[in-house]
1. Give me 47, 73, 88 ranked fewest to most by other Cβ atoms within 10 Å of their Cβ, as a rough exposure proxy.
2. As I understand it, the dipole of region 6-131 uses +1 on the Cβ of Lys and Arg and -1 on the Cβ of Asp and Glu, about the Cα centre. Which of 78, 36, 99 lies farthest toward its positive end?
3. Give the peptides 50-62, 89-101, 109-121 in descending order of average Cβ contacts within 10 Å, highest first.
4. Angle check, please: helix 86-97 long axis (alpha carbons) against the longest principal axis of the chain (alpha carbons), in degrees 0 to 90, nearest 10.
5. If you average the sequence gap of Cα pairs under 8 Å that are 6 or more apart and divide by the length of the chain, what percent do you get for the contact order?
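Values in this text are rule-based calculations from the coordinates and carry no lab data. Just so we're clear, the structure is a prediction, and the values are computed from it rather than from any experiment. Glycine also receives a Cβ, built like all others from the backbone with ideal geometry; neighbour counts cover every protein chain displayed.
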Amino acid sequence: MPKISEVFIVNSKNIIEKRDTKWYICISIGPSKFFIINSERFKLYDDYLIKSSNYNFLKHDSYVECSEVHILDEKRLIKKLGNLNYDDMKMILHKIKNSIGLSKGEIKALSIELEEWLNNYQENQLKNKFSNR
């Protein structure tokens, strides 16, 4: 099961016109919900820039398109590329909370799940820091 912050190459036939594969980031669990990652901007709102210098799997600065949720079956996932870091996930949460493209229900559900993930991430970092002493 995909985990929040994981980035995958996905079989995107019937999702994006003229593209067989595309990169997506998992933003939810349960039925796995994803945002698409693209090196070109799709829209002029609700996207978030991630820097290629922060990720060895990115060749170009890219945009996370935060206005449309894609529910993807695990069968579509081709390969895990890596994970987005805490700071980028926190900024994606900010984009979700201020989205004009997502429904209020999607904003609420995704915000709750990402806030929980961010809190757990911080707690785990503190535990690791103090257990290594």
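1. The most exposed by this proxy come first: 73, 88, 47.
2. Sorting the options by dipole projection puts first 78.
3. Values: 50-62: 13.5, 89-101: 17.1, 109-121: 15.5.
Listed from highest to lowest mean packing, they are 89-101, 109-121, 50-62.
4. Around 60 degrees separate the two axes.
5. Numbers: 225 pairs, mean separation 32.0, N = 133.
Relative CO of the chain lands at 24 percent.
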